[in-house]
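**Q** Here it is, the structure in full.
The values are calculated or read from the model by the stated rules, or taken from the named source; none is laboratory data. Computed from a predicted structure; not experimentally measured. Using ideal geometry, Cβ is built from the backbone for each residue, glycine included, and neighbour counts are taken over all protein chains shown. The accessibility values were calculated without ligands, DNA or RNA, using every heavy atom of the protein model including side chains. Shrake-Rupley method; radii C 1.70, N 1.55, O 1.52, S 1.80 Å.
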Amino acid sequence: MPGLRRAGIFFGTLLALVLLIRLAGLPVYVHPQTDPLRKADAIVVLGGTAYARFDVGLDLAQRGYAPTLLISRSTGNDDHEMDKYCAGRFDFTVSCFLPDPWTTEGEAHEIRRRAQQFGWRHIIVVTYTPHVSRARYIVSKCFDGELTMVASPSDSGPSFWAWMYLRQSAGYLRAFLSLGC
């Protein structure tokens, strides 16, 4: 019976830890702080393969929230799905770039460079929901101006969210340890 009791305590503690992590992650990953939209100097869409975020950025530019749309082409120059954004003709400026390094930090470096070049003081940053909080942290390390964070739709389901908790938490750890910007 002592072994059974220890196993019960172990699994009960493990379950409590999992629930605590899940609850702690809700405001960070599942329901991150987003900001009310208002006109900005530029709209920046962070890269990735959930293409819905690019449609959100394009829609915001078409609605006149900023005269410039900057898109991270983090899936590479050979991703022809991105051509409709990067090679399209629009009534506003569209610029695409490959981040260096190939991370959110690399995207933040490019934001800083462009902000200095063009005098941006306020940008709208679009990314997918579980990435919003971490992106805000990383971009704010490189950009001194005002950030308006916008969440694009994300996948759902237990496996997606379990992966996002792990991936975003690891990304936070890396961002905290990074001396970038």
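**Q** Over region 30-181, give the accessible area per residue in Å² for a 1.4 Å probe, as an integer.
**A** 51 Å²
**Q** Any idea of His80's accessible area? Nearest 10 Å², probe 1.4 Å.
**A** Here the accessible area works out near 130 Å².
**Q** Summarise the accessible area of region 65-181 (1.4 Å probe, protein heavy atoms) by the percent that is carbon and sulfur.
**A** Answer for region 65-181: carbon and sulfur cover 53 percent of the accessible area.
**Q** Related question: Testing the spin-label approximation: label points 7 Å from Cα along Cα→Cβ at Asp79 and Leu98. State their distance in nm.
**A** Going by the 7 Å Cα→Cβ label model, 1.3 nm.
**Q** Non-local amide H neighbours of Ile43 (under 5 Å, H modeled in plane, Pro and chain starts lacking H): which ones?
**A** Here the answer is Thr68, Leu69, Leu70, Ile124, since their amide H atoms fall under 5 Å of that of Ile43.
**Q** On to the next question. Give me the accessible area of His31, 1.4 Å probe, in Å² rounded to the nearest 10.
**A** 130 Å²
**Q** Right, something else. Could you give each residue of region 131-148 its phi-based ³J(HN,Hα) in whole Hz, using Karplus coefficients 6.51, -1.76, 1.60 with θ = phi - 60°, and x for Gly or Pro?
**A** Taking θ as phi minus 60°, the curve returns 9, 4, 5, 5, 4, 4, 4, 5, 5, 5, 6, 10, 10, 7, x, 7, 10, 10 Hz for region 131-148.
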